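> Here it is: the structure, laid out below.
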Amino acid sequence: MLQSFLIVRDRPAAKSSPAPVLGFPFGFDDEEPAYAEGARFDSPTALLDAAGLRTQESNLPEPSPELGVKNVDAILFCTSYPNLLAWTRALEAPTGPPLLWWCDNEPVVHNCVLADSVDGILYPGMTTAELHWTLLLSSKHYLSRTQWKQEREQLIAKLEDRKWIDRAKSILSEVKSITEAEAYEFLRKQAMNERRRLVDVAVSIVKVYSLLREQNPRGRSR
């Protein structure tokens, strides 16, 4: 469960107060404010505070990757929809915290598309119960999103390795007049002898071959 939040604002916070269903907060002056069950809140700080969650604020006029996010569980953006997209691009990182958006009377555009990295939306008038379920769903979305990114990066890395290996096999087949199966076996044995990854051996062969071709473009490399 998310417990601490960095609230990022690129505009001054609107002065607002919680509006409980029963009409007003109840409690004594010397006690922490207690709110009626079902109370609704107009500001993100009031909503998170009422739910017993920790908050800190950062006021930045424009998107920047320089945010102190080491000690928070999530980032909540209080900004317009266009700036939200700019912020999520600035903070694009597989290992970053969950990203939430405070949607405050934002006009709906027919062709608007929410950024994939936004994990949840909070809004004025939410109750703490609604906040609870939204944060649970946001955490689940965040885990799915980060896992998908990691799997995608691993797949891209494997495809890139395969390109180097295929290129090295082709070079060895040409230079040594052997089949690609024999070239692959050569790569495998070379990697074992040198205690290196097969793809690293392949990269070395391709780069050396390319260098020799540059030095002697008309001759045949051996």
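> Scan (1) in contact with a strand residue (DSSP E or B) (Cβ under 7 Å, 6 or more places away or on another chain); (2) modelled with pLDDT of 90 or more for the single condition SER117 breaks and write down its number.
(2)
The rows are residues; the columns are (1) surrounded by fewer than 19 Cβ atoms within 10 Å (Cβ to Cβ); (2) at pLDDT below 60; (3) assigned to a loop (DSSP other than H, G, I, E, B).
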site: ASP30; (1), (2), (3): yes, yes, yes
site: LEU48; (1), (2), (3): no, no, no
site: LEU85; (1), (2), (3): yes, no, no
site: GLU92; (1), (2), (3): yes, no, yes
site: GLY96; (1), (2), (3): yes, no, yes
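> Quick test for you: out of ILE205, ILE178, ILE171, pick the one residue that is out of contact with any Phe, Trp or Tyr (no Cβ under 8 Å at 6 or more places or on another chain), modelled with pLDDT of 90 or more and of a type outside the set (Ser, Thr, Tyr).
On the way: ILE178 fails: out of contact with any Phe, Trp or Tyr (no Cβ under 8 Å at 6 or more places or on another chain); ILE171 fails: out of contact with any Phe, Trp or Tyr (no Cβ under 8 Å at 6 or more places or on another chain).
Only one candidate qualifies: ILE205.
The values are calculated or read from the model by the stated rules, or taken from the named source; none is laboratory data. Note that the structure is a prediction, hence the values are computed from the model and not measured. Neighbour counts are summed over all protein chains in view; Cβ atoms, including those assigned to glycine, are modelled from backbone coordinates with ideal geometry.
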